[in-house]
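Everything on this sheet refers to the single structure shown next.
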Amino acid sequence: FFTIDRENLALRTGYHLLFLQDYLIPNIISAFWSLGVEEKFYLLLPLVLLPVLRLSHFKSRLACLVGLYCLPVLLRAATFVSLPEVDHLQYFLHLRSPFHVTADGLFMGCLVALIYQSREELPMLQSRRLQHGLFWTGSLLSCGLLFGGLIFGAFTFTRVVFAPCALDTGFGLV
């Protein structure tokens, strides 16, 4: 069973309750880092999306969400090149855990939701053939990345920065 170190437990519990465990070491239960990312997303999403959704044109809303999707990717790239070396600990603490470098997958979900919600404005999405093609392309891409070992291994720039984007895209297409 998992044992909890009692040293500074009150402080650590406090930053876990504030959902800061994606920035501070999640040393009560390490899997809690993702809760920090997700809760920030749920708390910030209305503040970010309300102005975007008030834009009158679909293309403007789409452009804003694409920009929001790209922001964590650019921050992840900048963080990667700023680190002198990337080992497992550095990867987790600086490139995998913090909200500002991992929210791209969540914003991909917002993009997919916007496109689905606006599907009447995109007649090409009514094609069953295209829908099946997107589904199978996304499935093959996701499975290829997950089961083909393409996202595992050495922490290269491409693997750290762009493999999550490919995975986001694969799941978004599905």
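The values are calculated or read from the model by the stated rules, or taken from the named source; none is laboratory data. The shown structure was predicted, so the numbers you read here are calculated from the model rather than taken from an experiment. Glycine gets a Cβ as well: all are built from the backbone with ideal geometry, and neighbour counts include every protein chain shown. What goes into the accessible areas is simple: the full protein's heavy atoms, side chains included, and nothing from ligands, DNA or RNA. Shrake-Rupley method; radii C 1.70, N 1.55, O 1.52, S 1.80 Å.
What's the number of the only condition in (1) assigned to a helix (DSSP H, G or I); (2) loosely packed, with under 15 Cβ neighbours inside 10 Å that Leu167 fails to meet? Just one mismatch for Leu167, condition (2). Residues considered: Asp87, Asp22. Of these, the only one that is of a type in the set (D, E, K, R) and farther than 19 Å from Ala163 by Cα is Asp22.
Among all residues of segment 43-64, there is none that is touching a helix residue (DSSP H, G or I) at 6+ places or on another chain (Cβ under 9 Å) and within 25 Å of Phe157 (Cα to Cα).
What do you reckon, is Ile25 touching a residue at least 60 places away in the same chain (Cβ under 8 Å), more than 27 Å from Thr158 (Cβ to Cβ) and either open to solvent by 60 Å² or more (accessible area, probe 1.4 Å) or polar (S, T, N, Q) (or both)?
Values: touching a residue at least 60 places away in the same chain (Cβ under 8 Å): yes; more than 27 Å from Thr158 (Cβ to Cβ): yes; either open to solvent by 60 Å² or more (accessible area, probe 1.4 Å) or polar (S, T, N, Q) (or both): yes.
Considered against the rule, which asks whether it is touching a residue at least 60 places away in the same chain (Cβ under 8 Å), more than 27 Å from Thr158 (Cβ to Cβ) and either open to solvent by 60 Å² or more (accessible area, probe 1.4 Å) or polar (S, T, N, Q) (or both), Ile25 comes out as yes.
One line per residue, one yes/no per condition, for (1) surrounded by fewer than 11 Cβ atoms within 10 Å (Cβ to Cβ); (2) under 24 Å from His57 (Cβ atoms):
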residue	(1), (2)
Asp87	yes, no
Gln90	no, no
Ile115	no, yes
Ser127	no, yes
Gly133	no, no
Ser139	no, no
Phe147	yes, no
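Any residue in segment 151-160 that is among the small types (Gly, Ala, Ser), under 30 Å from Gln90 (Cα atoms) and either without any contact (Cβ under 8 Å) to a residue 12 or more places away in the chain or open to solvent by 40 Å² or more (accessible area, probe 1.4 Å) (or both)? Yes.
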